Amino acid sequence: MKKCIIISLFLVAMLVNRQEALAYDFFTTVNAGEQREYKLYFNVIEGSMDDLPLCEVTYSECEQQGDEILYNNCNSDYKGAIIVPETVEHEGKTYKVYKIGDHAFQNCKELAVVYLERQYIIGKEAFKDCVSLSGCNPENYSVYEIHASAFENCKSLKKYRFIPDNFATPIIEEKAFAGCTGLESFSLYLGNFLLSCPENVFSIDENNFIDCNLSVDSNMIEQYKSITPWCWFKQITPIDEYPTGGGMPSSVDKIEKDSNTNNIYTLDGVNTGMKSFQNLLKGIYIQGNKKVFLQ
């Protein structure tokens, strides 16, 4: 009898400790067109920019067991392409979306493309295990910190352009791109700055990245060939074109086209997963055989 009482008390304790954890201060609903809507969740953080208070993107509700949050059970409902806006409004106040917070999109296995309007930091494990994520690049100069395991196991990620703003020292932390086995090119828009980072940023050894190319400023090629992990890349080539006026390079090489579905592609050849231009960021896109400029 005493043993049964102890077991019962243990089960009650487990039920009390295992609960849904509310992670956010507020949320906004984004209309992505074609009868598609999604919610973005935000936490208010300290500081301000351009006279606006700051916030970060976060996850919604996660299962919590005691003091442990089970992040693998967070926002799993994001699908296709989403946009993270530069600013959001809540209760009559406008916030600057400064950061993609820790674990914000972790384990969103059907998330395909993320457009960052102007965020500066990608937090710890923000996109970890997003196995369908093929594109996540800022439209303008912005992201300058990529924290630990931010894109770990994003196996569908083929290209990444690191284009930090000039006002801060760029940082890429350990395992930020570990397990990104589909990477074909990685570009550093850093001018004459030599970026040092942990050896395990991309992989555990040099053999994992023999098929990926690195692009850097033409004056820095020899320096990047001399340090790990950069020297492990298949080849290191000069960047052809820098963004002008805060935009991404607009050269088009070979864009994959799908005439049967009329999917919309970025100039980098990333499929947005959308067939309508509604709510896409301003810029140049490819649909079929046409370039479309959104203002």
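At a 10 angstrom cut-off on C-beta neighbours, averaged per residue, how do the peptides 225-235, 117-127 rank from highest to lowest?
So the peptides 225-235, 117-127, ranked by packing, come out 117-127, 225-235.
Over 19 Å between Cα atoms, which of K109/K155; K96/K159; K79/K155; K99/K158 qualify?
Going by Cα-Cα distance, K96/K159; K99/K158 fall outside the 19 Å limit.
Counting Lys and Arg as +1 and Asp and Glu as -1, what is the net charge of the other residues whose Cβ lies under 11 Å from the Cβ of Y189?
-2
Under the rule of at least 5 residues apart or a separate chain, name every residue whose amide H is placed under 5 Å from the amide H of A81.
Here A112, V113 satisfy the definition.
What residues qualify as long-range amide H neighbours of L190, i.e. H under 5 Å apart, gap of 5 or more or another chain, H built at 1.01 Å from N?
Correct list: D217.
Between K234 and S276, what is the label-point separation in nm under the 7 Å Cα-to-beta-carbon projection?
For the pair S276/K234, the computed spacing is 3.8 nm.
So for the range 75-136, considering every pair of alpha-carbon atoms, how many percent are separated by more than 18 Å?
Every Cα pair in the range 75-136 considered, those over 18 Å come to 35 percent.
Given just the C-alpha atoms of the range 125-192, how large is their convex hull per residue in cubic angstrom? Numbers along the way, then the final one.
Details: hull volume 5.5 nm³, N = 68.
Residue-normalised Cα hull volume stands at 81 Å³.
Using amide H atoms built 1.01 Å from N in the peptide plane, name the residues 5+ places from G182, or on other chains, whose amide H lies under 5 Å from its own.
Under 5 Å from the amide H of G182 lie the amide H atoms of L157, each far enough along the sequence or on another chain.
As an exercise, use a Förster radius of 25 Å and the Cβ-Cβ distance of E110 and T29 to find the FRET efficiency, rounded to the nearest 0.05.
0.85
With a Förster radius of 45 Å, plug the Cβ-Cβ distance of S196 and D67 into 1/(1 + (r/R0)^6) and report the FRET value to the nearest 0.05.
Details: r = 35 Å, r/R0 = 0.77.
Computed FRET efficiency for S196 and D67 comes out at 0.80.
Within a Cβ distance under 14 Å of Y242, other residues only, what is the Lys/Arg minus Asp/Glu net charge?
-3
Considering the range 103-242, what Rg and Dmax in Å follow from its alpha-carbon atoms?
Expressed in Å, the Cα Rg and Dmax of the range 103-242 come to 13.8, 40.
Since every read-out is calculated from the coordinates, none of them should be taken as a lab result. For clarity, every value in this text was computed on a predicted model and none was experimentally measured. Because the Cβ atoms are built from the backbone with ideal geometry, glycine has one as well, and the counts that use them run over all protein chains shown.
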